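The values are calculated or read from the model by the stated rules, or taken from the named source; none is laboratory data. Remember, predicted model here, so these are calculated numbers, not experimental data. With ideal geometry, Cβ positions are generated from the backbone for all residues, glycine too; neighbour counts draw on all protein chains shown.
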Amino acid sequence: MEVHIGANQGTHHKYTSLIASRKIRVLLVITGLATGGATNVVLDIGSHLNNHPDFDVQILSGPVPEGRNDVTYLAYEKGIPTQIVPTLINHINPIVNAKAIASIRRIIIRGNYDIVHTHSSQAGVVKRLAARSAGTRLIIHHVHGWGLQEEMSAATRMLYLSLERLCARFTDRLITVSKPDIKKGQAHRIAGEDKFTLIYNGIELEKFRQPVNDEQMRSELGLDPGCKLVGMIGRLDKQKNPLDFIRAAAIVRKGYTNVQFLFVGDGSLRSECEQLINELGLKESFFLLGFRNDVDRILSILTVTAMSSLWEGLPIAFLESMSAGKPIVANNVDGASDVVINGTTGFLVTPNQPSEMAKHILYLLINEKQCNEMGHVAQQHSCYFSKQRMVEQIESLYKELYSAS
């Protein structure tokens, strides 16, 4: 299968005269600036373009849902013009969705945007319909994992696919963050391969490679000074499936007692997680740390990272873990296989099988040499997922599509 990967970096000279007289106006639209991969990508693109002589950029966001960590302030701190649309929500509500389309349409027309770049799945339909009705020159949609879920009813699934197929017709390019998402999009007849461009998520690699005082960090978190640590970064919600990570931790503890477990993040399943931790006798060895702004420091003291998600696009947490030199044990879902080289930088396991996850975590805890070697290779592999690489590929794609339109 032939797929666009990034954009043609060698064609920059074609754009010089085209954009010399006028900046390209870009509107980045996301359902809500809550902690997560899509938000990171939007903020990184916005920050890059905001300091670029060829672009004007604005972020348009909906309100952050209750229970999610609102990081809208980061957009303001970075100096990126940002506007909130109260009716832009992440679920189907015909009346509210219609109001959102009307509001976004007015903003697009008033701002005279050349490119509308939408993010997230369900609300991506609303945003693209608004951009279409406003006569936007270019519409790009960023797929951070498709919204298809196994528990969807047949009617909901059909509605979702019908809307995605409809919007794909007038979407100039679909950016995916993993190869499996391209295959899934084609398999569901959302679009042909010529509509897809693969651009991996990226992070600031050096941030996760800074030395940290292990003893001090453990003391701050109330951890034992000499034990090994296994951690997961994410939300306590259905997608991230934290209950299976807790179950895996209980199994690991039966075979290796000198270990503690951390979960960085919060969410709607917190009470269920606390209950399961107590039921499995993990109260002294499993810690729910809530939202933290020092994930880089926490990663530095971990022995192994885990990810029990049921679906993913390309998890930022994977990239952060690799950059920190930590092997990953993760469910083999969606984009996980684009990041984790099974048996080399970590292990991919069957979803909903905490015993299998526990088996590989236990292996890494017992076999310290192999654990360190995997972490070293993971750190080398992380170089393919830099923030600079990502934003430059997106910039190049913008210019390529703009010049051809």
Within region 279-322, how many residues are in a loop (DSSP other than H, G, I, E, B) and at positive phi?
1
With V252, V177 as the choices, which residue is closer than 23 Å to A336 by Cβ and more than 24 Å from the chain's Cα centre (by Cα)?
V252
Of the residues in region 381-397, those that are surrounded by fewer than 17 Cβ atoms within 10 Å (Cβ to Cβ) and either at positive phi or among the aromatic types (F, W, Y) (or both) come to Y384
Do we find that I95 is exposed (fewer than 14 other Cβ atoms within 10 Å of the Cβ) and among the β-branched types (V, I, T) in this structure?
yes
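Here's the yes/no breakdown for (1) surrounded by 21 or more Cβ atoms within 10 Å (Cβ to Cβ); (2) touching a Lys or Arg at 6+ places or on another chain (Cβ under 9 Å):
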{"position": "G281", "(1), (2)": "no, yes"}
{"position": "N293", "(1), (2)": "no, no"}
{"position": "G313", "(1), (2)": "yes, no"}
{"position": "L319", "(1), (2)": "yes, no"}
{"position": "A324", "(1), (2)": "yes, yes"}
{"position": "G343", "(1), (2)": "no, no"}
{"position": "A358", "(1), (2)": "yes, yes"}
{"position": "Q379", "(1), (2)": "no, yes"}
When you scan region 31-39, do you find a residue that is out of contact with any strand residue (DSSP E or B) (no Cβ under 8 Å at 6 or more places or on another chain), among the aliphatic types (A, V, I, L, M) and either surrounded by fewer than 18 Cβ atoms within 10 Å (Cβ to Cβ) or modelled with pLDDT under 95 (or both), even just one?
no
R106 fails exactly one of the following numbered conditions: (1) at negative phi; (2) more than 21 Å from the chain's Cα centre (by Cα); (3) in a loop (DSSP other than H, G, I, E, B); (4) not hydroxyl-bearing (S, T, Y). What is the number of that condition?
(3)
Is one or more of the residues making up region 368-377 surrounded by fewer than 19 Cβ atoms within 10 Å (Cβ to Cβ) and either modelled with pLDDT under 95 or under 24 Å from the mean Cα position of the chain (by Cα) (or both)?
yes
If you check R165, R218, R189, which single one turns out to be surrounded by fewer than 16 Cβ atoms within 10 Å (Cβ to Cβ) and assigned to a helix (DSSP H, G or I)?
R165
Do the conditions hold for G202, that is, is it surrounded by 17 or more Cβ atoms within 10 Å (Cβ to Cβ), in contact with a strand residue (DSSP E or B) (Cβ under 6 Å, 6 or more places away or on another chain) and of a type outside the set (D, E)?
yes
Considering S103, S121, which residue is surrounded by 14 or more Cβ atoms within 10 Å (Cβ to Cβ) and modelled with pLDDT of 95 or more?
S103
Condition first: modelled with pLDDT of 95 or more, in contact with a Leu (Cβ under 9 Å, 6 or more places away or on another chain), within 19 Å of F263 (Cβ to Cβ) and part of a helix (DSSP H, G or I). Now tell me which residues in region 323-359 satisfy that.
P354
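Determine, yes or no, whether G124 is in the same structural domain as I30 (by TED's automatic domain parsing), assigned to a loop (DSSP other than H, G, I, E, B) and not aromatic (F, W, Y).
No, not satisfied.
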What are the residues in region 40-72 that are surrounded by fewer than 23 Cβ atoms within 10 Å (Cβ to Cβ) and in a loop (DSSP other than H, G, I, E, B), if any?
N51, H52, P53, D54, P63, V64, P65, E66, G67, R68, N69, V71
Pick out the one residue from I394, I361 that is out of contact with any strand residue (DSSP E or B) (no Cβ under 7 Å at 6 or more places or on another chain) and in contact (Cβ under 8 Å) with a residue 24 or more places away in the chain.
I394
Can you name every residue in region 300-311 that is among the hydrophobic types (A, V, I, L, M, F, W, C) and buried (at least 24 other Cβ atoms within 10 Å of the Cβ)?
V304, A306, M307
Selection from region 261-278 of residues among the hydrophobic types (A, V, I, L, M, F, W, C) and part of a strand (DSSP E or B) yields F261, L262, F263, V264
